[in-house]
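Below is one structure, written out as structure tokens, with a few remarks after it.
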């Protein structure tokens, strides 16, 4: 099992490095047109370009790893590329060119009225106050069942398709996840992320379903108290899987989180990521 997980990481991160290498020169030139930065030396700009590119693209790579790892634990049939528990007929000519996992629904998820009702639900259950007088969010696994009734009002004779970060059946329940890297959301974008998750839950229309806001790592350090603006909009810790909790939820049971981190580091060492990035930056800067 260790080797299977290592091969998944090798595959996804090799593709990631190829992508970064492929567009690095163009991204570097674009950054040099930024007058706010072009007084810096070329090597410093190049490192900034790499960090920006890696942070924006690595999330997709590790999410792809997570999906494939979940299939090792729960089986291909329980982590489908097309999530369609109602067996709805797909539109003629349906294709999924990006290879994303998608939810198929007949709930009109484009309806402004539905979005308004989900927004109202979130606001009514929002956490408020500070310190001892604080009231935590009451958006719980139980209270969100109200959204199934709300969503039922928007069922149409039409199919809607919505990408999802990760959705799987664990044998008893569906699990829907909105996944972020570290989850450092502020008060301005936290509500929309919470509502995106609640919309997916509403679209699935499954009573035996749990939804989670998940992060790939604990931005405050594994084992440390995790904080984020999204906690005001979803009940913590019930609606969250942070870092280790997320990986332990999807890893095969014989693989510990500690062992997974070790496997991940071994895979990146095998790719020789550091050397490839240094060479890429040196080659780019040296040609200018």
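Among the listed residues 25, 33, which satisfies the condition of being assigned by TED's automatic domain parsing to the domain that holds residue 278 and over 28 Å from residue 268 (Cβ atoms)?
On the way: 25 fails: over 28 Å from residue 268 (Cβ atoms).
Testing whether each residue is assigned by TED's automatic domain parsing to the domain that holds residue 278 and over 28 Å from residue 268 (Cβ atoms) leaves just 33.
Against the condition in contact with a strand residue (DSSP E or B) (Cβ under 7 Å, 6 or more places away or on another chain), surrounded by fewer than 20 Cβ atoms within 10 Å (Cβ to Cβ) and under 20 Å from residue 167 (Cβ atoms), how does residue 245 come out, does it pass? If you could, list the steps in order and put the result at the bottom.
Details: in contact with a strand residue (DSSP E or B) (Cβ under 7 Å, 6 or more places away or on another chain): no; surrounded by fewer than 20 Cβ atoms within 10 Å (Cβ to Cβ): yes; under 20 Å from residue 167 (Cβ atoms): yes.
The answer is no for residue 245.
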Query raised in the report: Just a yes or no: is a residue in the stretch 215-231 within 30 Å of residue 30 (Cα to Cα), crowded, with 18+ Cβ neighbours inside 10 Å and either touching a strand residue (DSSP E or B) at 6+ places or on another chain (Cβ under 8 Å) or not assigned by TED's automatic domain parsing to the domain that holds residue 30 (or both)?
Result: yes
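Answer yes or no: is there a residue in the stretch 30-51 that is assigned to a helix (DSSP H, G or I), under 28 Å from the mean Cα position of the chain (by Cα) and within 30 Å of residue 249 (Cβ to Cβ).
Our first condition is that a residue be assigned to a helix (DSSP H, G or I); within the stretch 30-51, this holds for 30-32, 42-51.
Among the residues that remain, those that are also under 28 Å from the mean Cα position of the chain (by Cα) are: 30-31, 46-51.
With within 30 Å of residue 249 (Cβ to Cβ) added as a condition, the list becomes 51.
There is at least one residue in the stretch 30-51 that is assigned to a helix (DSSP H, G or I), under 28 Å from the mean Cα position of the chain (by Cα) and within 30 Å of residue 249 (Cβ to Cβ).
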Requested in this report: For the stretch 54-93, name all the residues that are without any contact (Cβ under 8 Å) to a residue 24 or more places away in the chain and more than 18 Å from the chain's Cα centre (by Cα).
Outcome: 75, 76, 77, 84, 87, 92, 93
Report task. Just name the residue that is nearest to the chain's Cα centre (by Cα) out of those in the stretch 98-109 that are assigned to a loop (DSSP other than H, G, I, E, B) and over 21 Å from residue 71 (Cβ atoms). Result -> 109
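So which of 276, 210 ends up being at negative phi and assigned by TED's automatic domain parsing to the domain that holds residue 130?
Values: 276 fails: assigned by TED's automatic domain parsing to the domain that holds residue 130.
Exactly one of 276, 210 is at negative phi and assigned by TED's automatic domain parsing to the domain that holds residue 130, namely 210.
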Query raised in the report: Can you name every residue in the stretch 197-214 that is over 18 Å from residue 70 (Cβ atoms) and out of contact with any strand residue (DSSP E or B) (no Cβ under 6 Å at 6 or more places or on another chain)?
Result: 198, 199, 202, 205, 207
Query raised in the report: Would it be correct to say that residue 166 is surrounded by 20 or more Cβ atoms within 10 Å (Cβ to Cβ), in contact (Cβ under 8 Å) with a residue 60 or more places away in the chain and over 22 Å from the mean Cα position of the chain (by Cα)?
Result: no
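Search the stretch 16-47 for residues being touching a helix residue (DSSP H, G or I) at 6+ places or on another chain (Cβ under 7 Å) and without any contact (Cβ under 8 Å) to a residue 60 or more places away in the chain, and hand back the single one that is farthest from residue 175 (Cα to Cα). Before you say what the answer is, go through the steps one by one.
Pass one, the stretch 16-47, residues touching a helix residue (DSSP H, G or I) at 6+ places or on another chain (Cβ under 7 Å): 16-17, 19-21, 24-25, 27-28, 31-32, 37-38, 42-43, 45-47.
Okay, now just the ones that are also without any contact (Cβ under 8 Å) to a residue 60 or more places away in the chain, so 16, 19, 27, 31-32, 37-38, 45.
Details: 16: 27, 19: 30, 27: 37, 31: 40, 32: 44, 37: 44, 38: 46, 45: 41 Å.
Result: 38.
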Report summary line: Counting only residues that are more than 25 Å from residue 241 (Cα to Cα) and assigned to a loop (DSSP other than H, G, I, E, B), the stretch 110-130 contains a total of 2
**Report entry** Identity of the residue in the stretch 248-262, touching a residue at least 40 places away in the same chain (Cβ under 8 Å) and outside any helix (DSSP H, G or I), that ends up surrounded by the most Cβ atoms within 10 Å (Cβ to Cβ)
**Finding:** 251
Report task. Take the residues in the stretch 131-149 that are in a loop (DSSP other than H, G, I, E, B) and in contact with a helix residue (DSSP H, G or I) (Cβ under 7 Å, 6 or more places away or on another chain), then tell me which one is surrounded by the fewest Cβ atoms within 10 Å (Cβ to Cβ). Result -> 137
Query raised in the report: Checking residue 85 against (1) within 20 Å of residue 165 (Cα to Cα); (2) in the same structural domain as residue 271 (by TED's automatic domain parsing); (3) at pLDDT 85 or above, which test does it fail?
Result: (2)
Report task. Check whether at least one residue in the stretch 123-144 is touching a strand residue (DSSP E or B) at 6+ places or on another chain (Cβ under 6 Å), outside the structural domain of residue 56 (by TED's automatic domain parsing) and within 28 Å of residue 69 (Cα to Cα), and report yes or no. Result -> yes
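The values are calculated or read from the model by the stated rules, or taken from the named source; none is laboratory data. What you see is a predicted model; the values in this text were computed from it and never measured. Don't worry about glycine lacking a Cβ; one is built from the backbone with ideal geometry, like all the others, and counts go over all protein chains shown.
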